[in-house]
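Asks: Let me give you the structure first, and then I'll get to my questions.
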Amino acid sequence: MDSRPNPKEPLINNFRARIGWGGSVIPYFDPSKINIENHAKGGASTRSFMNEGYWRAILARLQRGDFVILEFGHNDSTALDGPAGRGTLKTNGEETRLVINGAGRNEVVHTFGWYLRRFIADTESKGATPIILSPVPRNYWKNKTTFNDVTADYTQLSKEVAAAARVQYVDMNETLAAQYSPMGQDAVTRAFFTSLDKTHTSPDGAKNAARVFVGELRKTECPLKGYLLNSPVIPDISPIGSGT
């Protein structure tokens, strides 16, 4: 849910076409009661987010009473080794694999579930509350009218980890896929995605995902929903947010 536009993307209405939904959720919260920081990193897997120091930087600032929203899965399916290696083993078990990573060093790679459990344990050790989200769906179709839920595997893994850890879970994948499915690929692409790939949302797609998250959050018993505004004002262009 990295909200930073990619500078390589073309401009649409003077704004970069590719943007995640992290910044789009900020206007829904009451800034007099809570500070929302978006520390998401585009292209990161659970493994690379930990290995490259992003998680360590968050932990250094985390305080009792904070909330941490964790959404991973898109990049965990990439290669395990080599220059682009950032993937994880696609299970929730304790198995490992020794690889040669991009720096040419031996690295023990764990499972997707193992890394998520580390994030949860680290968050709770600080007295903060973790919230697990499924990955948002990609814009893949078996044909122009039949939605192909290619993130279903990581959705299920995320759900299982959250259930086992007894932490709040929000299924972004199921809710957005249900919205996309009856629309058809062409309409979904026009409404919510950049036309350059099947993963990254447009500014309107980012705002839509943020709206879905807020709607699902309101259905939970999670204390974070108490910081939502009753009548938020949503800007045309989403804010980036601090910490990015």
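Asks: Over the stretch 97-190, what is the mean sequence separation of C-alpha contacts under 8 Å (at least six apart), divided by residue count, expressed as relative contact order in percent?
Replies: Normalised by residue count, the contact order of the stretch 97-190 is 28 percent.
Asks: Excluding the sites themselves, what is the longest stretch of the chain that contains no trypsin sites (Lys or Arg not before Pro) in a DSSP loop with at most 13 other C-beta atoms within 10 Å?
Replies: So the longest stretch without any such site is 167-218.
Asks: With 23 Å as the limit, write out which pairs from 41/144; 41/198; 90/198; 90/225; 159/219; 126/225 have Cα-Cα distances beyond it, or answer none.
Replies: 41/144; 90/225
Asks: Which residue, 191, 209, 84, has the most motion in a Gaussian network model of the chain that connects Cα atoms within less than 10 Å?
Replies: Of 191, 209, 84, the most mobile in the Gaussian network model is 84.
Asks: In nm, give the distance between the simple-model label positions of residue 164 and residue 94, each being 7 Å from the Cα along the Cα-to-Cβ direction.
Replies: 1.0 nm
Asks: Show me the chymotrypsin sites (Phe, Trp or Tyr not before Pro) within the stretch 140-209 that DSSP assigns to loop and that have at most 14 other Cβ atoms within 10 Å of their Cβ.
Replies: Counting only loop positions with at most 14 other Cβ atoms within 10 Å, the chymotrypsin sites (Phe, Trp or Tyr not before Pro) in the stretch 140-209 are 140.
Asks: Could you rank 19, 36, 100 by how accessible they are, 1.4 Å probe, largest area first?
Replies: Greatest to least solvent exposure: 100, 36, 19.
Asks: Between the stretch 98-148 and the stretch 168-242, what's the alpha-carbon centroid distance in Å?
Replies: Between the Cα centres of the stretch 98-148 and the stretch 168-242 lies a distance of 19 Å.
Asks: May I pose another question? Have a look at 139, 230, 35 and tell me which one the Gaussian network model of the chain (Cα, springs below 10 Å) gives the largest fluctuation.
Replies: 230
Asks: Right, something else. Just name one of 175, 106, 127: the one whose Cα is farthest towards the positive end of the charge dipole of the stretch 73-203 (beta-carbon charges, Lys/Arg +1, Asp/Glu -1).
Replies: Sorting the options by dipole projection puts first 175.
Asks: Based on DSSP loop calls and a cut-off of at most 16 other Cβ atoms within 10 Å, the longest stretch of the chain free of exposed GluC sites (Glu not before Pro) is what?
Replies: The answer is 96-220.
Asks: Okay, moving on. In a GNM of the chain with a 10 Å cut-off on Cα contacts, which of 32, 45, 158 has the highest mean-square fluctuation?
Replies: Result: 32 has the largest fluctuation of those listed.
Asks: Counting only C-alpha contacts under 8 Å and six or more residues apart, can you give the relative contact order of the chain as a whole percent?
Replies: Value for the chain: 26 percent.
Asks: For residue 168, what residues show an amide H to amide H distance below 5 Å, using hydrogens built from the backbone and excluding near sequence neighbours?
Replies: Residues meeting the criterion, in which the H sits 1.01 Å from N, are 132.
Asks: Would you pull out the residues with amide H under 5 Å of residue 141's amide H, same chain only if 5 or more places away, H placed 1.01 Å from N?
Replies: 148
Asks: Here's something else I'd like to know. Residues of the stretch 127-160 with the amide nitrogen closer than 16 Å to a label point 7 Å from the Cα of residue 30, along Cα-to-Cβ, please.
Replies: none
Asks: As a test, work out the antiparallel percent of DSSP beta bridges whose residues both lie in the chain, rounded to the nearest 5.
Replies: 45 percent
Asks: Within the stretch 129-164, which residues have the backbone N less than 13 Å from the label spot 7 Å out from residue 224 along Cα→beta-carbon, could you tell me?
Replies: Counting backbone N atoms under 13 Å from the label point, the list is 129-135.
Asks: Which percent of Cα-Cα pairs in the stretch 67-177 sits in each 5 Å bin, short to long?
Replies: Calculated P(r), rounded to whole percents: 2, 12, 20, 20, 18, 14, 10, 4, 1, 0.
Asks: Using alpha-carbon pairs under 8 Å, 6+ residues apart, how would you state the relative contact order of the stretch 112-244 in percent?
Replies: 21 percent
Asks: Between residue 156 and residue 234, what length in nm is gained on full extension when 0.36 nm per residue of separation is reduced by their alpha carbon distance?
Replies: This chain segment gains 24.9 nm when fully extended.
Asks: In terms of modelled amide H atoms, which long-range or inter-chain residues lie less than 5 Å from the amide H of residue 68?
Replies: HN-HN under 5 Å from residue 68: 129, 131.
The values are calculated or read from the model by the stated rules, or taken from the named source; none is laboratory data. Bear in mind that the values here come from a model prediction, so they are computed numbers and not experimental data. Positions of Cβ are generated from backbone atoms using ideal geometry, with glycine treated the same way; all protein chains shown enter the neighbour counts. Quick note on the areas: whole protein, heavy atoms, side chains included, nothing else; ligands and nucleic acids left out. Shrake-Rupley method; radii C 1.70, N 1.55, O 1.52, S 1.80 Å.
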